[in-house]
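**Student:** Input: one structure, supplied below.
The values are calculated or read from the model by the stated rules, or taken from the named source; none is laboratory data. These figures come from a predicted structure and were not determined experimentally. Cβ: placed from backbone, ideal geometry, glycine included. Neighbour counts: every protein chain shown. What goes into the accessible areas is simple: the full protein's heavy atoms, side chains included, and nothing from ligands, DNA or RNA. Shrake-Rupley method; radii C 1.70, N 1.55, O 1.52, S 1.80 Å.
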Amino acid sequence: MEDEEGTLALMSWYCFEKFYNHAVTAAVAARRTFGNVPIYSFFHAFGTLMQDQIQKAILELDSIRDSRDVSLCTLIALYYAEKRKKNPDREVVQELDAKIKEDRKSASPRSLYNAGMFFWLLGRNDKAREYIDRMIKLSNGAREASFGISHGGIILKAWVNVTSGQDMYAKKAGKLFDEGLKERTDAFGLMGKAQYYEYRQNYSGALEVINQVIVGFPGFLPALIKKMKLLLILQDWEQTILAAHRLLQEDKNNLEALRMLALYSLCSEGNITESVKHLSDLFSSLEILEPQNPELFYKMSLAFTRVCGRNDKVMEQTVKMVERAFSLASEDSDFATELGYQMLLLGRTKEAAKWYSTAMTLDETSLALTGIIHCQLIDGQLEDAEQQLEFFTEIQQSIGKSAELQYLRAVLAVKKCRPQEEVTKLLNDAVDTHLSKAQGLPLGVEYFEKLNPEFLLDIVKVYLAVCPSTPPAQGQTPPPQLQHCASLLETVDRVVPGLPQAVFLLAKVKFLSSDTDAAQCTLQRCLEQSPSYADAHLLMAQIYLLQGNFTMCSQSLEVCLGCNFEVREHPLYHLIKAQAKKKMGELTEAIQTLQMAMSLPGVRRSESSSKSKSRKMELSPADCVSVFLELADALWLNGEQHEAAKVIQDAINEYSGTTEELRVTVANADLALLRGDTELALSMLRNITPDQPYYVQAKEKMGQIFLKHRKDKSLYISCYREMVDKLPSPHTYLLLGDAYISIQEPEKAFEVYQLGMKKNPKSAALASKTGKALIKSHYYFKAISYYEAALKTEQLHFLRYDLAELLMKMKQFERCEKVLHEALDHGAGVNELQVLSDDCRYLVLLAKIQNKVDKKEEALLTLERARDVQAKVLKRVQLEQPDVVSMQKQRAAEICAEIAKHYTSQRGYERAVKFYKEALVYCETDCKVSGA
């Protein structure tokens, strides 16, 4: 820096950010430029001390302890340095303590200021405030010409307040910064004011202040770093990256810029090669700039581990960073715990357990115990894991709720075939606890760490483990766990769009929810990012199979094989291939393919050999069981009933005592039904109890037997009633209500939905079905009253559209128009995507009403307004919800076509053609528009 004040601000900033060697380097440069000023020596000693070079720091501090302006802070630093030693000298500590108390009485304002600065940099805000208040009182507003100490003290007090973590102090910081900066600006004060604006979540205000620093103090790099971070908070990745490149022009080894470029490559673009290059540069720069700073090596790695999708190349760099941290501070249990976690993510369970044990040796209170339990669960040591979890659960009240603990309990529950509801509740608790850590944090490195997308993906996988592995039959409701999965995955995808695993799992969830169009669209995006993602090609093949497109199904399987030759050892590959053959009537080939799959290592649990352990593609029990069931079905269709029964029996023997056992039981019941033995099928299904997975599916199957084979509606309904009695939840109430609808009893369905609503007032699905049941029962006025009452509840405002639609059908146009105007009356400032999307639907419906009551001009204006709103929606969904772009384009096309029809009816053909062309831009394949 060109001036002394800027140099002091720079050193203070580096120490505050824990870039201790940067502070040492800045102090050396300052002494070279401005002479051997004691305060520079103090910062040099402070940076040295914080890198655990205690003796070297003590020697330097001793050399300046008699310098008046730094004597007090030097004595305090010497006291702190002595206490940091493994074996502190008690006499020295007592002597220094007495000297501090004596010197404090006669300390000058500048000396008190420096002591306050020292305490603040140590994170001792209470002590810092005490010294600064004494300093301000002593200086009594007087200014020391060489330093402006009063002005500096007020700014430092503001800094202490804003970083205190206590709202009552932080709120006062704004006025203090204004007061301190009243007479003249300085970099340290302006940086603090920006920090205050950031604390108040006024990020634009913070950016404005930082721009002042950049203009006023061009060589002050922390301002450029802060600007880069603020641009990320404002979610402007493009400007963030430009700021990072500008930083690297000023400082080619800038750690924050290199970390930001690596994060961008990984999170936003999914470019592993580029990210690894930046991470490698970051590690090299850390070795050059902060070689003795273990905390920095550790912290710089954390975000990457949690957003890289367990990528080997990325984690090679992060492991290297944490290993370096541990080599510098081998007594720190956090570093050992992190190495355990990273080894766990890499699938190196034995090494993970070793690191977790090391962490426990260093600190018994560390959270490494959860890691040890995780290793035990992976290695199948269920009894040991259960004992440890029970102990951990008992002490949970003293340590606070742990998302990891709830997650591990859910994993154990799955492995022990506990009830689906128990697993779901544990996972829901884990999600709520985990997401609360990131709540309120702006987008940035800390947010990525706290959100930990990797952990959320693990939770999603456990949710999916208790869901059926195929989409529900037509008319059946997807399990509610899929909605939880979708919500989590959309959060991850919004923040880390470059993570292909999240995009793939989102596609899988949509596929299992029977939304194949959205699943296909999401998969296309996944494959654009990662063309060689074998699992994505397999899922695409499943979708084509479901659509009956066998040519494209075979093509996806071939591409998959080309991407990863190991896929030949994955049962799912052979399963899909066989299903396609079976649907094309090629039963012999299907059976041969499935028999080949049966011979793969790991498909039969009794043959889970060492061969299967080296496999990179994970074998799920669901895929393996599907091979058995599909083979049994193909054999049955081929007239080999005895062989089919034998395969089912093999499946029962192989998967007895696992989560998939009951799925085999359901398939066995299906086989009994094919033989015409409904009684045997029912007796098998009756054995599945409410505390077991597949209970709901078994009851639904029993209901179908009673309805279709026995023609007994009362027994059909009794199956669903029993479900509600045993497992009352929004999902089971929906199923019972839907069952009544299917036998043409909408009044009873309404009663069930309403009962479910009383117990689950926030259930959107139940609320919607309740109104529709009343309409099906022709209780139109009752339905209107229901909707109007429901709209008074804030969570059910989405029912307004259903009410408006009903009023339109009943030709109550004026009332309908009023409801729609109320829905649209929320002011112009609302810019949420969901609100914009709803507004567009309301406007299109309003235009229909206006058309019906012969308000042609108003209808045209309303449609044009809908077109403008839909344009905003399209702009937003391309960034926020890319999977629904095609659906939103379809809506835009329909609005343009409707406007064109209006102009056609008024003989405005030129305008009509313009809007038809616009509709075709959105949806080229729309035959109606093309024809027009």
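**Student:** What spacing in nm lies between the two simple spin-label points modelled at residue 725 and residue 215, each 7 Å away from Cα in the Cβ direction?
**Tutor:** Label at residue 725, label at residue 215, 7.7 nm between them.
**Student:** Give the separation of the Cα centroids, the range 110-131 to the range 278-343, in Å.
**Tutor:** For the range 110-131 versus the range 278-343, the Cα centre distance is 31 Å.
**Student:** Can you give the calculated 222 nm mean residue ellipticity of the chain, where each DSSP H run of n ≥ 4 adds -39,500 (n - 2.57) and the sum is split over every residue, rounded to the nearest 500 deg cm²/dmol?
**Tutor:** Taking each H run of at least 4 residues, the total per residue is -23500 deg cm²/dmol.
**Student:** Considering the values [x] 110, 57, 23; [y] 45, 36, 25; [z] 59, 38, 26, which represents semi-axes √(5λ) of the Cα gyration tensor in Å as calculated for the structure under consideration?
**Tutor:** [z]
**Student:** Report the local net charge at residue 748: Lys and Arg +1, Asp and Glu -1, summed over other residues whose C-beta lies under 12 Å from its C-beta.
**Tutor:** Around residue 748, the charge tally is -1.
**Student:** When the dipole is taken about the Cα centre of the chain, and only Lys, Arg (+1) and Asp, Glu (-1) are charged at their Cβ, what size is it in debye, to the nearest 20?
**Tutor:** For the chain, the charge dipole is close to 1880 debye.
**Student:** Continuing with the same structure: Please name whichever of 375, 346, 389 sits farthest to the positive end of the charge dipole of the range 341-442, dipole taken about the Cα centre and charges placed at Cβ: Lys and Arg +1, Asp and Glu -1.
**Tutor:** Value: 346.
**Student:** Quickly rank 98-106, 662-670 as a protection proxy: mean count of other C-beta atoms within 10 Å, highest first.
**Tutor:** Listed from highest to lowest mean packing, they are 662-670, 98-106.
**Student:** According to a simple spin-label model (label point 7 Å from Cα along Cα-to-Cβ), what is the distance in nm between residue 552 and residue 101?
**Tutor:** Here the modelled spin labels are 8.3 nm apart.
**Student:** Before I look further, what does the chain give for accessible area per residue, probe 1.4 Å, in whole square angstrom?
**Tutor:** Normalised by residue count, the accessible surface of the chain is 47 Å².
**Student:** Follow-up question, since we're still on this one. Going by Cα centres, the range 416-449 and the range 174-198 are how many Å apart?
**Tutor:** 38
**Student:** Something else now. So how do 303-311, 559-567 stack up, highest first, on mean other-Cβ count within 10 Å?
**Tutor:** 303-311, 559-567
**Student:** I need the phi-derived Karplus couplings for the range 654-660: 6.51 cos²θ - 1.76 cosθ + 1.60, θ = phi - 60°, integer Hz, Gly and Pro marked x.
**Tutor:** Each residue of the range 654-660 in turn: 5, 10, 5, x, 10, 5, 8 Hz.
**Student:** Could you tell me the center-to-center distance, by alpha carbons, between the range 632-695 and the range 209-230 in angstrom?
**Tutor:** 69
**Student:** Continuing with the same structure: Which order do the peptides 419-426, 344-351 take when ranked by the mean count of other beta-carbon atoms within 10 Å per residue, highest first?
**Tutor:** 419-426, 344-351
**Student:** Would you calculate the separation in nanometres between label points at residue 185 and residue 643, each defined as 7 Å from the Cα along the Cα-to-beta-carbon direction?
**Tutor:** 8.4
**Student:** To continue, here is another question. If I stretch the segment between residue 458 and residue 236 completely, what's the gain in nm (0.36 nm per residue apart, minus their alpha carbon distance), one decimal?
**Tutor:** That works out to 77.0 nm of additional length.
**Student:** Quick one: net charge around residue 706, please, counting Lys, Arg +1 and Asp, Glu -1 for every other residue with C-beta under 14 Å from its C-beta.
**Tutor:** Residues near residue 706 contribute +4 overall.
**Student:** Suppose every Lys and Arg Cβ carries +1 and every Asp and Glu Cβ carries -1, with no other charges. What dipole size does the range 242-330 come out with about its Cα centre, to the nearest 20 debye?
**Tutor:** Using only the charged Cβ atoms, the result is roughly 180 debye.
**Student:** Choose one of 895, 38, 63: the residue whose Cα lies farthest towards the positive end of the charge dipole of the chain (beta-carbon charges +1 Lys, Arg; -1 Asp, Glu; about the Cα centre).
**Tutor:** Final value for the positive-end residue is 895.
**Student:** Could you go through the range 277-292 in sequence order and give the Karplus-derived ³J(HN,Hα) for each residue, using 6.51 cos²θ - 1.76 cosθ + 1.60 with θ = phi - 60°, rounded to whole Hz, and x for Gly and Pro?
**Tutor:** 4, 5, 5, 5, 5, 5, 4, 4, 5, 4, 5, 7, 8, 9, x, 10
**Student:** Still on this structure, please answer the following. Which of 484, 621, 258 sits closest to the plus end of the dipole of the chain, meaning its Cα is farthest towards the positive end, when Lys and Arg get +1 and Asp and Glu get -1 on the C-beta?
**Tutor:** Of the options given, the answer is 484.
**Student:** In whole Hz, what ³J(HN,Hα) sequence does the range 83-100 give by Karplus (6.51, -1.76, 1.60; θ = phi - 60°), x for Gly and Pro?
**Tutor:** Values per residue, Gly and Pro as x: 5, 6, 5, 5, 10, x, 7, 4, 5, 4, 4, 5, 4, 5, 4, 5, 5, 4 Hz.
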